[in-house]
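Worksheet: one structure, shown below.
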Amino acid sequence: MNYTHSRMNGSPLCPHRPVILIALNWYSRAIHRGIARYASEAGWILDSSMTRHGLVPKDWRGDGIICCLHWGSALHEMVERTTLPVVNIGGSILGLPAVLPDDRAIGKLAASYFKKRGFQNYAFFLKSNALTSRNRGRAFADAVRRAGGRCFILDWPKASAMPKQTRYSQHYPAGEHDERRLLDWLAGEIDELPKPVALFGEFDDPAIDALYACRERDIMVPEQVAVLGMDNDELRCEFAPVPLSSIDSNQEILGYRAAALLDQLLKKEPLTKRVVRIPPAGIVTRQSTDILAIAHPHVASVLRYIWQNYARRINAKTAAATVPVSYRWLHTAFLRHVGRTIADEIEHKRLEAAKKLLTESRQKAREIAAAAGFPNEDRMGRVFRRVEGMSPMAYRRRYGTVNTSSL
């Protein structure tokens, strides 16, 4: 239905409110929430009928479309025919303006996360032929190798002779491969990896496949294989065979920025960027990675002490005092095994905590500084400007998922 031109009781809807179709080939509540947040600010009408029945509307009339395309789908055919403004989420397809996760940043974040836990052996599980997933895996492997680790690529498309995809990042169609064959192959591949190993799945579902494969071979998670997913789908992650740690890909911001990009098209404003990449919000740690793979017991002990106590009034010397070795010797060992100093690790954990509170809460800056362990708001601000290149409040405005306009 064209809501913008329909009449109710003989009177047109006035003033004109753009009608936007939410056309997602795969559904995400967070993306929908981000689109809805922008729509509320812009006064849009949202047609979300596809989220109920998954059917592509025929002869749809409205003002614009926000979509998540897969190559060769019915939705793809509709978008290819339309003359309306369209923004795609998840990949640059048909030359459309697009908002997508920053795959390079995601790969680097996953590698850094595992490196902090002391891993030397890494693996990336690629289940689909999606171009974004291959880019993510390449960034992960590059970061691992630069840090001196070994990275193994578990490439199911190659092993299963999956048909080569087009340049538009087609996912391998569901139901066209045997899950039993996949799990048997994956279990064998994981069994052959040197242990302990840190495994990163391209999305949450492939990471959960890895958890099932480990269970079949009695491989302990996370003791022998630490598993990390991507997208942080809570229903999948919390109820996996082992609760799954996952990268928060900032899906609400993806939806919000896609809507903002579409609004520019509706207003016929020039686009400064046709492709917008959104960095990940962070990593949600659950049982599947909750382990330290650091061989040196004193370094591992101090690292765990920092993770458990960074919000308290601790510093490098108080942390070092928890183990029976000299500070100078520990400083050198910590830097060698962790990749940064004890003081830098404390600051890093506080920064991570502050970023999470800034994006997910309505707390004031001084309250966040105190909760994250910074001595004061000014110190937190200096760290943000040095590391993130912006103030804490600027970081909240850019990446926040909570409406703080009334603060």
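No value in this document is a laboratory result; all are computed from the given coordinates. Please read all numbers here as calculations on a predicted model, not as lab measurements. Every residue, glycine as well, gets a Cβ built from its backbone with ideal geometry; the counts of neighbours run over all protein chains shown.
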(request) State the number of residues belonging to region 37-67 that are touching a residue at least 60 places away in the same chain (Cβ under 8 Å) and part of a helix (DSSP H, G or I). (result) 4
(request) Please work out which residue is nearest to the chain's Cα centre (by Cα), limiting yourself to region 77-92 and to residues that are within 20 Å of I253 (Cβ to Cβ) and part of a loop (DSSP other than H, G, I, E, B). (result) G90
(message) Cβ-Cβ distance below 8 Å, separation of 6 or more or different chains: which pairs start in region 195-209 with a residue that is free of Cβ contacts under 8 Å to residues at least 40 places away in the same chain and end on one that is hydrophobic (A, V, I, L, M, F, W, C) and crowded, with 20+ Cβ neighbours inside 10 Å?
(response) I208/A240; I208/L244
(request) Please find, within region 341-354, the residue that is surrounded by the most Cβ atoms within 10 Å (Cβ to Cβ) out of those that are more than 13 Å from V302 (Cβ to Cβ) and either basic (K, R) or touching a residue at least 40 places away in the same chain (Cβ under 8 Å) (or both). (result) R350
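Return the only residue of V325, V338 being out of contact with any Gly (no Cβ under 6 Å at 6 or more places or on another chain) and crowded, with 20+ Cβ neighbours inside 10 Å.
Numbers: V325 fails: crowded, with 20+ Cβ neighbours inside 10 Å.
Answer to the check: V338.
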(message) Restricting to region 361-380, name every residue that is surrounded by fewer than 18 Cβ atoms within 10 Å (Cβ to Cβ) and either in contact with a Cys (Cβ under 9 Å, 6 or more places away or on another chain) or in a helix (DSSP H, G or I) (or both).
(response) R366, E367, A370, A371, E377, D378, R379
(request) Answer yes or no: is there a residue in region 125-137 that is without any contact (Cβ under 8 Å) to a residue 40 or more places away in the chain and either of a type in the set (S, T, N, Q) or crowded, with 18+ Cβ neighbours inside 10 Å (or both). (result) yes
(message) So E252 ticks every box in (1) farther than 28 Å from K195 by Cβ; (2) in contact (Cβ under 8 Å) with a residue 60 or more places away in the chain; (3) surrounded by fewer than 17 Cβ atoms within 10 Å (Cβ to Cβ); (4) among the acidic types (D, E) but one. Which box is left unticked?
(response) (3)
